[in-house]
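J.: The structure is given below, and queries will be raised subsequently.
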Amino acid sequence: MSTNRRRFLQLAAGTAALPLASHVGAQPIATVRVANGTTPDILSIPDVRAIEYFLPRVPGGVPGKATYVPGAVRAIQAVIAGEAEVGIATLGSGLAAVNQGQDIQVFALASGARPYLVPVASKEITNLKALEGKDVGVISLVDSTYYLLVMMMQAAGADPTKVQWRVVGGGAGRANALVSGGIKAAMFQVGQALEIMEKGPFQILPSSFAGLKDFIFKAFWAKRSFLESNRGLAEAIVQANLMATREALDKKAFMAYAVKELAPMSADIVSRSYDILRETGPWDPDNALLNRQAGDLTVNEMVRFKVLNAPVAFDKWATTDYVKAAVAKLGPAK
């Protein structure tokens, strides 16, 4: 486990307040505060739409406000510190907190339910096996930019131990390193990938997401006490999430609001990114991926890649109760 993960609780205890309205002692909750740990992008804007557009419109719902925070760890910290009722975060940070005694749970999937990053490389590299012997950029050797690419390479018969892994930072750092020639490939969100390809001779490498179809990547987290004390509101949040997800799967409906939300990104890049993203299965209209089998597979893979020190039982970190209630009220997706 990295030093940052070991210090998770200390960081959470000392974290500065988010720019979110306070609800100390407020019952019932008038506004749901959501800490969104994913960079606003084509993939993630349905999460914001769920909270800010659909939640006030569903039975039992209230106004909601999604605030971007820098990264999944920060989103989990916000929930633990009581600065937000809900955090949108990838599983690694939330599971690390559960392992350290925090009573938080996944109660719905988020946009990016399955892995959605794509490998981008210099034009001379035409497949994943060609990455052997090359410099490839990652955030860290326990980050999804590393272990997802390793999983893809293994599925393609490539040997990731022959790659020269270089720690070059977040999306901007990886992009700069790739454009400058410091690395030959890295993982990116689709919108970032297409923008990089407009800057020079780069391409998205052919890769299969088949081995990741049962891998849970990102979710809605909340304290167990919040969920139990506000069951009707929690079900309303999941209903809003499902409505936004189902809307996102209709490209015409998605484009009607996404282009404005993502400006100045061009409508062409939004449209092309959408088509590529759909192949990764990022939006689950019934949250069907949230199940024990997929949860156990995900945790075991994280242990295998040393993202987690030890497995975490599904019931300790997730509940399907609110998804089942929301689907029962909305009906299954058609």
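Just so you know, all these numbers are worked out from the coordinates, no wet-lab data involved. Because the structure is a prediction, the values reported are computed rather than measured. Glycine also receives a Cβ, built like all others from the backbone with ideal geometry; neighbour counts cover every protein chain displayed.
J.: If I histogram all Cα-Cα distances within region 127-284 using bins 5 Å wide from 0, what percent of pairs lands in each bin?
T.: P(r) for region 127-284, in whole percents per bin: 1, 8, 14, 17, 17, 15, 12, 9, 5, 2, 1.
J.: Along region 178-187, what does the Karplus equation 6.51 cos²θ - 1.76 cosθ + 1.60 (θ = phi - 60°) give for ³J(HN,Hα), rounded to whole Hz, x for Gly and Pro?
T.: 5, 5, 7, x, x, 9, 9, 6, 6, 8
J.: Also: Please report how far the C-alpha centroid of region 23-92 lies from that of region 296-323, rounded to the nearest whole angstrom.
T.: 22 Å
J.: Could I ask something else about it? State the answer as a single residue: which of A155, V136, I88 lies farthest towards the positive end of the charge dipole of the chain, with beta carbon charges of +1 for Lys and Arg and -1 for Asp and Glu, about the Cα centre.
T.: Value computed over the given set: V136.
J.: Can you list residues from other chains, or at least 5 along the same chain, whose modelled amide H is less than 5 Å from the amide H of F220?
T.: Placed amide hydrogens put F107, A108, L109, A110 under 5 Å from F220.
J.: Residue separation times 0.36 nm, minus the C-alpha to C-alpha distance between K334 and A288: what's the value?
T.: 15.2 nm is the gain from fully extending K334 to A288.
J.: Straight-line reach from K134: which aspartates and glutamates have a Cα under 20 Å away, not including same-chain ones fewer than 8 places off?
T.: Cross-link targets: E124, D143, D159.
J.: Report the relative contact order of region 25-141, percent, no decimals, based on alpha-carbon pairs under 8 angstrom and at least 6 residues apart.
T.: 26 percent
J.: To make sure I understand the rule: partners must be lysines, Cα under 20 Å from the Cα of K65, and not fewer than 8 residues away in the same chain. Which ones qualify?
T.: Once the sequence-local lysines are set aside, what remains near K65 is K218, K223, K260.
J.: Test of understanding: extend the Cα→C-beta vector of R57 to 7 Å, then name every residue of region 256-273 with backbone N under 15 Å from that spot.
T.: Label zone hits: 256-258.
J.: Determine by what factor the alpha-carbon radius of gyration of region 282-331 differs from 2.2 N^0.38 Å, reporting the quotient.
T.: Normalised Cα radius of gyration, region 282-331: 1.33.
J.: Tell me the angle of helix 144-155 to the major Cα principal axis of the chain, expressed in degrees between 0 and 90 and rounded to the nearest ten.
T.: Approximately 60 degrees, to the nearest ten.
J.: Place the peptides 75-87, 116-128 in order of packing, highest mean first, counting for every residue the other Cβ atoms within 10 Å and averaging per peptide.
T.: 75-87, 116-128
J.: Please work out, to two decimal places, the log10 of the ratio I(q)/I(0) at q = 0.19 Å⁻¹ from a Debye calculation in which every Cα of region 246-301 carries one identical scatterer.
T.: Summing over Cα pairs of region 246-301 leads to -0.73.
J.: A follow-up question, please. Taking the Cα centre as origin and putting +1 on Lys and Arg beta-carbons and -1 on Asp and Glu beta-carbons, what dipole magnitude results for the chain, to the nearest 20 debye?
T.: My answer is approximately 240 debye.
J.: Relative contact order (percent) for region 208-334, with alpha-carbon contacts under 8 angstrom and 6 or more residues of separation?
T.: 38 percent
J.: Name the long-range amide H neighbours of A318: under 5 Å, sequence gap of 5 or more, or other chain; modelled H, no Pro or chain starts.
T.: When sequence neighbours closer than 5 places are left aside, the close amide H contacts are V106.
J.: Any idea what the relative contact order of the chain is, in percent, if you count C-alpha pairs under 8 Å spaced at least 6 apart?
T.: 25 percent
J.: Binned at 10 Å from 0, what are the whole-percent values of the Cα-Cα distance distribution for the chain, short to long?
T.: Computed distribution, short to long bins: 6, 26, 35, 25, 7, 1.
J.: Restricting everything to alpha-carbon atoms, can you work out Rg to Rh for region 235-334 with a Kirkwood hydrodynamic radius?
T.: Taking Rh as the inverse mean 1/r over Cα pairs, Rg/Rh reads 1.06.
J.: Multiplying the sequence separation of V303 and K324 by 0.36 nm and subtracting their Cα-Cα distance, what value in nm do you get?
T.: 4.7 nm is the gain from fully extending V303 to K324.
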